[in-house]
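A.B. asks: Next up is a structure, given as structure tokens.
FYI, it's all coordinate maths here, none of it is from the lab. These figures come from a predicted structure and were not determined experimentally. Note that we place each Cβ from the backbone using ideal geometry, even for glycine, and neighbour counts take in every protein chain shown.
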């Protein structure tokens with residue numbers, strides 16, 4: 001009887017595949033990334049290595065000794081204290097306790113402070129509280145502590161913000177007006193992110209993490225890159241991390257350019273160059289998980305995309321690994337077998353600098 | 001006499017160019033040689049399908065999809081007078097589409113509506129933040145064959161199950177197919193709540209709607 005190995009579908013369901021099937025899924029997943037991103041496929045050695053990682057017998061696996069990489073966290077302390085279906089486990093704790101737990105119990109190499117809404121815009125009215133929390137945390141911690149939030153440009157459109165919703169305008173075929181709305185929103189986004197971070201840097205933040213950049217499309221990315229550029233000029237020594245929302249920059253506007261490069265449709269290896277150009281220290285590439293495909297297909301695809309980003313990037317790449325990204329299944333609490341295999345593959349095959 | 005394939009390709013390529021004037025010009029040219037049904041199916045719809053593929057590959061973007069849809073609608077309008085009786089109102093099926101209550105994400109669902117419409121479905125897009133009962137009422141009103149339910153957050157995903165439960169309560173579940181989609185939705189979730197299908201993206205939504213309704 002042919003040996004079968006336990007893997008998962010992208011939605012987390014357990015499946016059993018033979019080695020031959022795993023190899024064919026890896027080849028297909030890698031080919032999909034290579035086709036979309038116009039990047040090289042995984043080599044035969046890399047395919048074998050990935051299959052070996054996926055077929056390892058242990059429930060969890062780890063990188064080889066000497067290949068350890070920095071591990072940092074986004075979403076602030078919401079992972080611990082969040083109790084509203086927002087990826088948290090509902091442990092009542094202050095943000096100081098949450099940050100210190102990440103530092104002293106979880107072994108995080110860096111940490112970030114974040115607000116419960118985790119977007120820059122809602123931080124504006126409570127920025128003094130955030131500054132105070134940052135100061136208190138900095139006084140109690142050793143590892144670099146950043147301030148983290150999402151650009152989340154959707155908050156600048158109706159019904160949450162002042163500008164007409166481009167989605168509504170598009171439906172009425174008012175394309176130019178929709179584009180104008182996005183451009184205005186991007187200007188405000190840049191202004192707000194710079195303002196918030198000026199305050200947080202003055203309160204001792206070691207850096208900033210722009211998390212889920214481009215979630216609202218190319219204008220969201222434009223606004224964020226501009227903010228990075230301005231902050232880099234004002235704070236030459238600050239650590240700036242730009243993490244993405246998805247593998248490809250969605251073209252909501254379609255014509256916005258940064259450094260004479262059209263932002264819409266950029267894949268991770270192309271995004272890395274612009275993030276570095278804007279002045280960031282670290283790039284956080286993303287590859288989305290397809291829930292209808294196997295973990296072998298998804299992981300091969302993710303490793304192919306991220307390896308290309310690592311090779312192209314002039315700055316370190318800390319890949320996003322979690323629910324529905326980085327070859328990890330789309331589950332609120334991702335299973336350890338999938339998370340550790342995906343992480344090992346990202347370090348040992350894609351060559352990421354951190355997670 | 002111009003080659004049929006060349007004429008249809010010209011129409012399809014005009015749609016892919018997203019330019020209304022080009023589409024109208026190509027349709028005017030094709031209608032002198034070809035029946036309107038063929039121009040719609042193998043020219044306009046084929047072009048729009050390709051627009052969907054290029055959108056997912058990051059080669060065309062949202063404004064282009066909307067412009068192409070607008071151009072295609074204009075092309076169909078130009079052919080309507082020549083359509084045989086009964087063909088004018090012929091649709092692949094009636095679909096009610098919306099994002100569940102509490103969820104204001106709209107764009108992905110709108111793209112699905114646009115591509116379904118372009119593929120020949122009659123689509124009633126209820127927008128975002130749609131109360132559960134509104135899906136049912138609209139489906140009754142327009143005699144829908146399918147309800148499409150989008151949710152973009154883990155916290156609003158439950159709304160998809162509530163629509164299905166209400167369909168059952170109203171004794172309508174057997175008559176109406178249900179498609180679910182959105183970032184946190186999965187095939188396993190669709191099976192768990194008893195939906196008829198899950199679609200990963202807009203092109204898949206069109207393919208699965210055809211499988212279910214034709």
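A.B. asks: Per-residue mean of other chain beta-carbon atoms within 10 angstrom of the beta-carbon, peptide A:291-301? Intermediate values should be presented prior to the final figure.
C.D. replies: On the way: counts 10, 7, 1, 0, 0, 0, 0, 0, 0, 0, 0.
If you average over the peptide's residues, the count of other-chain Cβ atoms is 2.
A.B. asks: Picking from B:71, B:85, B:46, which is most flexible by a Gaussian network model of chain B using Cα springs under 10 Å?
C.D. replies: Maximum among the listed residues: B:85.
A.B. asks: Could you grab the relative contact order for the range B:1-124? Cα pairs under 8 Å, six or more apart, rounded to a whole percent.
C.D. replies: On the way: 150 pairs, mean separation 33.7, N = 124.
Once divided by the residue count of the range B:1-124, the mean separation gives 27 percent.
A.B. asks: In percent, what relative contact order does chain A have, based on Cα pairs under 8 Å that are 6 or more apart in sequence?
C.D. replies: Numbers: 752 pairs, mean separation 74.0, N = 355.
Averaging sequence separation for qualifying contacts and normalising by length gives 21 percent for chain A.
A.B. asks: On to the next question. Compute the acute angle (0 to 90°) between the alpha-carbon long axis of helix B:62-80 and the principal axis of greatest extent of the alpha-carbon atoms of chain B; round to the nearest 10°.
C.D. replies: Roughly 60 degrees, rounded to the nearest 10.
A.B. asks: Continuing with the same structure: Just for the protein assembly as shown, what percent of DSSP beta bridges are antiparallel, to the closest 5?
C.D. replies: Values: 10 of 46 bridges.
Taking every DSSP beta bridge within the protein assembly as shown, about 20 percent pair in antiparallel fashion.
A.B. asks: Something else now. Once you have a ≥ b ≥ c as the square roots of the Cα gyration tensor eigenvalues for the range B:108-214, tell me rounded if a/c is under 1.5, and otherwise prolate or oblate according to whether a/b is larger than b/c.
C.D. replies: Since a/c stays below 1.5, the shape of the range B:108-214 is classed as rounded.
A.B. asks: How would the range B:40-79 be classified by its alpha-carbon gyration tensor: rounded, prolate or oblate, with rounded meaning a/c under 1.5 and the a/b versus b/c comparison settling the rest? Walk me through the intermediate numbers first.
C.D. replies: Details: a/c = 4.75, a/b = 1.68, b/c = 2.83.
In terms of gyration-tensor shape, oblate.
A.B. asks: What whole-number distance in Å separates the alpha-carbon centres of the range A:318-354 and the range A:30-109?
C.D. replies: The range A:318-354 and the range A:30-109 have Cα centres spaced 5 Å from each other.
A.B. asks: Going by C-beta contacts inside 10 Å, put B:110, A:128 in order with the fewest on the left.
C.D. replies: Working: B:110 24, A:128 10.
Lowest to highest Cβ neighbour count: A:128, B:110.
A.B. asks: Further question on the same structure: Compute the relative contact order of the range A:1-120 as a whole-number percentage, counting only Cα pairs closer than 8 Å that sit 6 or more residues apart in sequence. Don't skip to the end; give the middle numbers.
C.D. replies: Working: 117 pairs, mean separation 19.9, N = 120.
Worked out over the range A:1-120, it gives 17 percent.
A.B. asks: On a 0 to 90° scale, report how tilted helix A:127-140 is relative to the longest principal axis of chain A, with both axes built from alpha carbons and the result rounded to the nearest 10.
C.D. replies: Roughly 50 degrees between the two axes.
A.B. asks: Averaged over A:167-175, how many beta carbons belonging to a partner chain fall within 10 Å of each residue's beta carbon? Spell out each step's value before the answer.
C.D. replies: Numbers: counts 11, 4, 1, 11, 9, 1, 7, 1, 7.
If you average over the peptide's residues, the count of other-chain Cβ atoms is 6.
A.B. asks: In peptide B:61-73, how many Cβ atoms from other protein chains are near each Cβ within 10 Å, on average?
C.D. replies: On the way: counts 13, 13, 13, 4, 3, 8, 4, 0, 3, 2, 0, 0, 1.
Whole-number average of other-chain Cβ neighbours for B:61-73 is 5.
A.B. asks: Among B:32, A:110, B:114, A:224, which comes first, second and so on when ranked by fewest other beta-carbon atoms within 10 Å? Provide the component values of the computation, followed by the final result.
C.D. replies: Details: B:32 9, A:110 22, B:114 26, A:224 29.
Least crowded to most crowded, the residues run B:32, A:110, B:114, A:224.
A.B. asks: A further question follows. Classify the protein assembly as shown as rounded, prolate or oblate from the Cα gyration tensor: take a ≥ b ≥ c as the square roots of its eigenvalues, call it rounded if a/c is under 1.5, otherwise prolate when a/b beats b/c and oblate if not. Numbers along the way, then the final one.
C.D. replies: On the way: a/c = 1.66, a/b = 1.49, b/c = 1.11.
Prolate, since a/c reaches 1.5 and a/b exceeds b/c.
A.B. asks: Quick check on the exposure proxy: order A:188, A:115 from fewest to most C-beta atoms within 10 angstrom. Present the calculation step by step, with values, prior to reporting the outcome.
C.D. replies: Details: A:188 17, A:115 21.
Exposure proxy ranking, most exposed first: A:188, A:115.
A.B. asks: To test your reading of the geometry: what angle, between 0 and 90 degrees and rounded to tens, separates the Cα axis of helix A:268-278 from the longest principal axis of chain A?
C.D. replies: So the helix axis and the longest Cα principal axis differ by about 30 degrees.
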